[in-house]
Amino acid sequence: MASATGSAALDGKRLDAETYRGEPIQIGRFADSPATGGDSGFKTIGCGLWIQLPPLEPGAHVLKIRGGSDSFRVSVDYALTVDAGQR
């Protein structure tokens with residue numbers, strides 16, 4: 001983590017990242033999600049650069065994530081569409 005760098009932007013606006021270095025974190029609540037074990041979420045150990053997205057307005061959005069550490073690099077662009085009924 002000492003050499004980790006990264007950035008994220010949503011619709012061209014920079015998002016601040018939080019750095020976790022092997023710290024306890026709480027994964028949020030998502031009803032009936034197999035990823036979080038139901039609607040209660042869970043605690044785990046987190047390591048990395050993390051961002052939280054704000055609630056998105058209906059429509060199209062672009063999320064760009066860039067990062068790296070030592071010889072590892074990542075560059076990902078997501079095209080997100082929020083349905084008006086899903087908010």
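The amide H of Gly41, built 1.01 Å from its N in the peptide plane, has Phe30 as neighbours under 5 Å, considering only residues 5 or more places off or on other chains. Can you tell me how segment 39-87 classifies by the Cα gyration tensor, rounded, prolate or oblate, using a/c under 1.5 as the rounded cut? Oblate shape, in that a/c is at least 1.5 and b/c is the bigger or equal ratio.
With K and R counted +1 and D and E -1, the other residues having a Cβ less than 11 Å from that of Trp50 yield a net charge of -3. In order along segment 8-20, the Karplus-derived 3J(HN,Hα) couplings, from 6.51 cos²θ - 1.76 cosθ + 1.60 at θ = phi - 60°, round to 9, 9, 10, 6, x, 9, 4, 10, 6, 9, 9, 9, 10 Hz, and Gly and Pro are given as x.
Taken together, the values in this text are just the output of simple stated rules run on the coordinates, not laboratory data. In this text the structure is predicted, and so the values were computed from the model without any measurement. Glycine gets a Cβ as well: all are built from the backbone with ideal geometry, and neighbour counts include every protein chain shown.
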